[in-house]
2 protein chains.
Amino acid sequence: MDQITAKDAFAALAHETRLSVFRLLVRQGPGGLPALEIARRLGAPPSTLSSHLASLKRAGLLNAERRHRQILYAANLAAVNDIVRFLLEDCCGGDPAACAGIGGVILPARATPSDA
Amino acid sequence: MDQITAKDAFAALAHETRLSVFRLLVRQGPGGLPALEIARRLGAPPSTLSSHLASLKRAGLLNAERRHRQILYAANLAAVNDIVRFLLEDCCGGDPAACAGIGGVILPARATPSDA
DNA sequence: GCCTCATTTCGTAGATTCTCGAATTATCGT
DNA sequence: ACGATAATTCGAGAATCTACGAAATGAGGC
């Protein structure tokens, strides 16, 4: 995870429709949904949505898998993991105590990026 | 945390300079850094940096505190917590088992958005 | 091979964002 | 009050992003 990759991921999420797409697929789980079904649920034209799906996929936030005639898109939760870890890397200069009181959802873990 | 707030936060991070600013302040910890010092370390002109700091602050990602003649900016880690929680809300339709294998940094916690 | 459904690519007009010097405002020391 | 330092606002050109219909591509079914 480098600066550019992270920036692209944030840019992909910095749009109302794309954010809705991603959250919908997070709720949907690993099974995913086909492109037209996503467009239908969000009330967006297929061509518009296709470019948004391409953005999210290019940013590494979605996995796409062909299933018969349709393409199933699913949220890539590991990517969220990666960008959060990148964002909080070496938090508070590495002092865990100073970081402790932030809320509980995020565990900065170790700063060594040795595990892919 | 609503859709627009989250989108603004992602938009604020979707820029190389602002992302560098935020990560620098994460590393710096609660003490924060004055604006010109941030500009100096990142090699950016003060006026450019000021607008970026304003973006990040408007998005709720930075806290600013006046300290004598300077203004100390510090990363708001709780905001990161909030946007990640928003992003993963009702993950996998609420089935924790399906979400379990994502990597370990993020704990989806409860989906009830009752706590501000 | 042909028809149909699912999805993407193309084109272009419109809207938004970005940069940074100059001018401005705010704070402190004397 | 004055001078110096810290930070922000203003302005305008340049660059990037966005939307969506029409046309093209891809994958089956018959």
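The values are calculated or read from the model by the stated rules, or taken from the named source; none is laboratory data. Please read these numbers as outputs of a predicted model, since none were measured by experiment. Note that each Cβ is placed from the backbone with ideal geometry, even for glycine, and that neighbours are counted across all protein chains shown. We work out accessible area using only protein heavy atoms, side chains counted, and drop any ligands, DNA or RNA first. Shrake-Rupley method; radii C 1.70, N 1.55, O 1.52, S 1.80 Å.
A few comments on the model shown:
- If the condition is being surrounded by 15 or more Cβ atoms within 10 Å (Cβ to Cβ) and near DNA strand D (Cβ under 8 Å from one of its atoms), then segment B:51-63 contributes B:Leu53, B:Lys57.
- The single residue among B:Arg27, B:Arg18, B:Arg85, B:Arg40 that is of a type outside the set (A, V, I, L, M, F, W, C), touching a Pro at 6+ places or on another chain (Cβ under 8 Å), open to solvent by 20 Å² or more (accessible area, probe 1.4 Å) and assigned to a helix (DSSP H, G or I) turns out to be B:Arg85.
- Cβ-Cβ under 9 Å pairs, at least 6 apart or on other chains, segment B:31-59 side on the phi < 0 side of the Ramachandran plot, far side in a strand (DSSP E or B) and near DNA strand D (Cβ under 6 Å from one of its atoms): B:Pro34/B:Gln70; B:Pro34/B:Ile71; B:Ala35/B:Gln70; B:Ala35/B:Ile71; B:Leu36/B:Gln70; B:Glu37/B:Gln70; B:Leu53/B:Ile71
- Within segment A:64-81, being within 13 Å of chain B (Cβ to nearest Cβ) and either outside any loop (DSSP other than H, G, I, E, B) or within 11 Å of DNA strand D (Cβ to nearest atom) (or both) holds for A:Ala74, A:Ala75, A:Leu77, A:Ala78, A:Ala79, A:Val80, A:Asn81.
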